[in-house]
Amino acid sequence: MIPLDVFDSESLAADLLEQVRWRGGVECPRCRSDLTVKNGSYGQFQRCLCKNCGRTFNDKTGMIFAHSKIALRKWLFSIYAFLRFNTSLQQLQREIDVTYKTVHQRVQRSHEALDAPVLDLVGPIEIDELYVSAGLKGRERDGPSRSRGLSTRGRGTYEGDKPPVFTLVDRGSGNRYAIPAKSADESTVRLLLAGREKEPLTVYTDGFRAYDPLDDDERFHRESVIHADNEYVDDDVHVNTCERHGSLVRPWLSPHRGVSKDKLTQYLRAVQLRRELLDEPGRKALKHAVRAAL
């Protein structure tokens, strides 16, 4: 159920932020001391005084919501609508009645606040790759525009504005990842698989040549299906889960009418977070999203 009451009331939005941020107890965001006392209010937000460093702070201090004249309830709605329904920034601009530039800046800040995925691989691992269109949107081009710069067929390259995105599925932990790369080669594959807990790590792949060197490495046990030979499943050997996860990437990017390859990592972190929110009810999903941006 969508938490409409939070989006309608600034006091309820402030209460939700307080619950999420100080769930482990109030501490000073500057010196991390827990020697704090209440010290009046800042609008709808509780203000506190740190007895260690003598500075005051409120529930928004140091967060992406700090120093914004836009109501917190509007920003919570933006985060929720963006992650839950993949709402475009132009639509968010209309819904909360602020400029496109302001919405874009705040959404980018929320993306930057997300932690980079840490790959603690248990195994077995599925790994696959796809290629997405991501150019130079949002910054000056070094040369004239290329009318077909994003229309090349086949495997793309970062330089050709069609960077690879690797999808990994850890069958042992259930975690799924979508990680952009500058090249789809052996070194990138080895870097992605470096965070393993035990050896040899079982890896399921397709017939892409970048995975071939794993056959001669005793740290890995590679099994593959060759799509060119119409081979897609051989008992437990397949990359179907990777392909399902990868199929979410292009629809996620589509409403934004082009994404800069400089920002692709941030958008894919949001894809990861959205998957974590899918099975959670509205208010719990909103708290999870705010917690991720702390």
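Can you give me the Cα centroid spacing of segment 1-52 and segment 78-108 in angstrom?
24 Å
Assuming R0 = 45 Å, can you tell me the calculated FRET efficiency for the pair R109 and T202, based on Cβ-Cβ distance, to the nearest 0.05?
FRET efficiency, R109 to T202: 0.70.
Scanning the chain for helices, which whole DSSP H stretches are 18 Å or more long along the axis (Cα) and average 0.5 or more by Kyte-Doolittle? If you can, show how the numbers build up before the last one.
Details: long enough: 72-85 (19 Å, 0.73); 100-113 (20 Å, -1.60); 264-277 (20 Å, -0.34).
The qualifying helices are 72-85.
Quote the FRET efficiency, to the nearest 0.05, computed for L191 versus D234 with a Förster distance R0 of 25 Å and r equal to the Cβ-Cβ distance. Mind showing how you got there, number by number?
Details: r = 27 Å, r/R0 = 1.09.
Approximately 0.40, to the nearest 0.05.
Can you tell me, using C-alpha contacts under 8 Å and at least 6 residues apart, the relative contact order of the chain as a whole percent?
21 percent
Too long at a 20 Å Cα-Cα cut-off: which of K101/K263; K101/K182; K182/K263?
In this structure, K101/K182 exceed 20 Å between Cα atoms.
Once Lys and Arg get +1 and Asp and Glu get -1 on their Cβ, which of L12, C28, I70 lies farthest toward the positive end of the dipole of segment 4-75?
Checking the options against the dipole of segment 4-75, the answer is C28.
Could you look at the chain and say what percent of its accessible area is carbon and sulfur, using a 1.4 Å probe and all protein chains? Intermediate results must be reported in sequence, preceding the final value.
Details: 7160 of 15760 Å².
Roughly 45 percent, rounded to a whole number.
With springs connecting C-alpha atoms under 10 Å apart, model the chain as a Gaussian network and identify which of G123, G160, G135 has the largest mean-square fluctuation.
Its mean-square fluctuation being the largest, the pick is G160.
Just check segment 1-92 against the gyration tensor rule for me: Cα atoms, a ≥ b ≥ c as the square roots of the eigenvalues, rounded for a/c under 1.5, and otherwise prolate or oblate depending on whether a/b exceeds b/c.
Cα axes put segment 1-92 in the prolate bin.
Which length gain, in nm to one decimal place, applies between E10 and V122 when the Cα-Cα distance is subtracted from 0.36 nm times their residue separation?
Values: separation 112, 0.36 × 112 = 40.32 nm, distance 4.34 nm.
In short, 36.0 nm is gained.
Restricting to bridges with both residues inside the chain, how much of the DSSP beta-bridge set is antiparallel, in percent to the nearest 5?
Within the chain, antiparallel bridges account for around 70 percent of the total.
Place a point 7 Å from the Cα of T56 along the Cα-to-Cβ direction; which residues of segment 23-43 have their backbone N under 14 Å from it?
37-43
In deg cm²/dmol and to the nearest 500, what is the mean residue ellipticity at 222 nm of the chain if only DSSP H runs of at least 4 residues count, each as -39500 (n - 2.57), divided by the residue total?
Rounded to the nearest 500, the figure is -9500 deg cm²/dmol.
Taking only protein heavy atoms into account and a 1.4 Å probe, give the accessible area per residue of the chain in Å². Don't skip to the answer; put the middle values down first.
Values: 15760 Å² over 294 residues.
Accessible surface, normalised per residue, equals 54 Å².
Can you list the chymotrypsin sites (Phe, Trp or Tyr not before Pro) in segment 63-111 that are in a DSSP coil and have 11 or fewer other beta carbons within 10 angstrom?
Numbers: sites: F65, W75, F77, Y80, F82, F85, Y100; in loops: F65.
Answer in residue order: no site qualifies.
The values are calculated or read from the model by the stated rules, or taken from the named source; none is laboratory data. Computed from a predicted structure; not experimentally measured. Positions of Cβ are generated from backbone atoms using ideal geometry, with glycine treated the same way; all protein chains shown enter the neighbour counts. Calculation scope for accessible area: heavy atoms of the full protein, side chains included, ligands and nucleic acids excluded. Shrake-Rupley method; radii C 1.70, N 1.55, O 1.52, S 1.80 Å.
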